[in-house]
């Protein structure tokens, strides 16, 4: 079977391949597209989300092509380079799967071996936006405070070797320093990660790193660089070998790394781009003055529910989100969590929140989207503060209940013990995995000791919540039940 390339795509779209009419190409001459965006952290989510929006724009404005950069591993570059940077987005729902090839990503660089080329490109005046999806841990910050962690190994390295940065903030600061030295206006920095106030958080981190390197550079960044916040939303499961085979069958082309996703996509962007921007609003994005209400709604309703489903579902034996939400007790729990505990903390109209809740429940139940609970459970120490703990703090301030939210926290605690309900090992993927496991091993199955040990991790919980007796009592009670009767029985009691 032929490999996806520019040449084989032309044949397939023309109906000359082995699966004529089954594949949609792009509506522009790719040879005329030039880069205007550098994207740091070019993983599956970016390729299913921002790159698709940009792909829709290039027919009318070809100056906004994307050059992606992998910061840790060259896997994406190695998979897509033989394909001329092309890849398939397969949109799946109960009605079937539709396939589309994206051409917006012109090239992918490996920051580990192509750092100087990447920095030179970021310093080029043609690049007007640097965007990021590097996950929470890529910001080298303290999630509990949102401030840069000066002791993070990558930050220590980048301060000692500022012209050879390894972190995303370090790359941005060095590129901005080069532009400043050459008299080139700065690019706009646009985070597309699930961070609270992601633009302001990124601004704080980048500005502080610049100031630690050179106070004058810090002032320059603070005064001249725009950091618009965004809210991004699309479910993108990890690609499996079965997914690759499905795409081969549907398109007649072999794609080394297709992307599987859902029909829904949302992007809310603060309209602050002094260096210019694509016409995002023309292709379905919302341009707003303040993204915070949308971001808070998504973090607490979608992401908070997702994490709760992931930990309870995994412990209960469900491999996929759709399986877990189909369990009537889990379905009731998540509906109640959003309706009774999260929605009252959000500054939006009730009808708007109810409509969003109902859409989320439909999306979670999509049987064609095999989103693994284990995948969502990754990096919980980075995600908990934004997804669950903020809602709990607000509920405490309101003097209202938070039992379902507390169960989500307890389920995470049970999960990071590294052993499931059948005594089988759990592969816990988390930056703090070793530390969390040591706490769990010391506590054993003593719910109080485990909760106290984990609540003592201030990077996650800060200091206020661990000192709150009602919060500790709720978490310890749920944790004890998870140990005693398991996840599904615990959910059934509460739901």
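The values are calculated or read from the model by the stated rules, or taken from the named source; none is laboratory data. From a predicted model like this one, the values you see are computed outputs, not experimental measurements. Cβ: placed from backbone, ideal geometry, glycine included. Neighbour counts: every protein chain shown.
Can you pull out the residues in segment 58-69 that are surrounded by fewer than 21 Cβ atoms within 10 Å (Cβ to Cβ) and in contact with a helix residue (DSSP H, G or I) (Cβ under 6 Å, 6 or more places away or on another chain)?
Scanning segment 58-69 gives a single hit, 62.
Assess whether residue 120 counts as being in contact with a strand residue (DSSP E or B) (Cβ under 7 Å, 6 or more places away or on another chain), surrounded by fewer than 18 Cβ atoms within 10 Å (Cβ to Cβ) and either more than 30 Å from residue 253 (Cβ to Cβ) or not assigned by TED's automatic domain parsing to the domain that holds residue 179 (or both).
No.
Determine, yes or no, whether residue 36 is more than 20 Å from the chain's Cα centre (by Cα), crowded, with 19+ Cβ neighbours inside 10 Å and at positive phi.
No, not satisfied.
Being more than 22 Å from the chain's Cα centre (by Cα) and buried (at least 19 other Cβ atoms within 10 Å of the Cβ) is the filter here; which residues of segment 70-83 pass it?
83, the sole residue that qualifies.
Only residues that are more than 17 Å from residue 456 (Cβ to Cβ) and within 23 Å of the chain's Cα centre (by Cα): list them for segment 418-430, please.
426, 427, 428, 429
Output the strands (runs of 3 or more DSSP E) that fall wholly within segment 197-299 and possess 2 or more residues being crowded, with 18+ Cβ neighbours inside 10 Å and touching a helix residue (DSSP H, G or I) at 6+ places or on another chain (Cβ under 7 Å), or say none.
230-233, 259-261, 266-270
Hey, among the residues in segment 373-399 that are part of a loop (DSSP other than H, G, I, E, B) and in contact with a helix residue (DSSP H, G or I) (Cβ under 7 Å, 6 or more places away or on another chain), which one's surrounded by the most Cβ atoms within 10 Å (Cβ to Cβ)?
Checked segment 373-399; the qualifying residue surrounded by the most Cβ atoms within 10 Å (Cβ to Cβ) is 377.
Quick one: residue 383 ticks every box in (1) in contact with a strand residue (DSSP E or B) (Cβ under 8 Å, 6 or more places away or on another chain); (2) within 30 Å of residue 426 (Cα to Cα) bar one, so which box is it?
Here residue 383 clears every test but (1).
Of everything in segment 175-187, what is surrounded by fewer than 21 Cβ atoms within 10 Å (Cβ to Cβ) and either under 20 Å from residue 42 (Cα atoms) or free of Cβ contacts under 8 Å to residues at least 24 places away in the same chain (or both)? Give them in sequence order.
Within segment 175-187, 181, 183 meet the criteria.
Give the residues of segment 78-93 that are touching a strand residue (DSSP E or B) at 6+ places or on another chain (Cβ under 9 Å) and modelled with pLDDT under 95, sorted by residue number.
92
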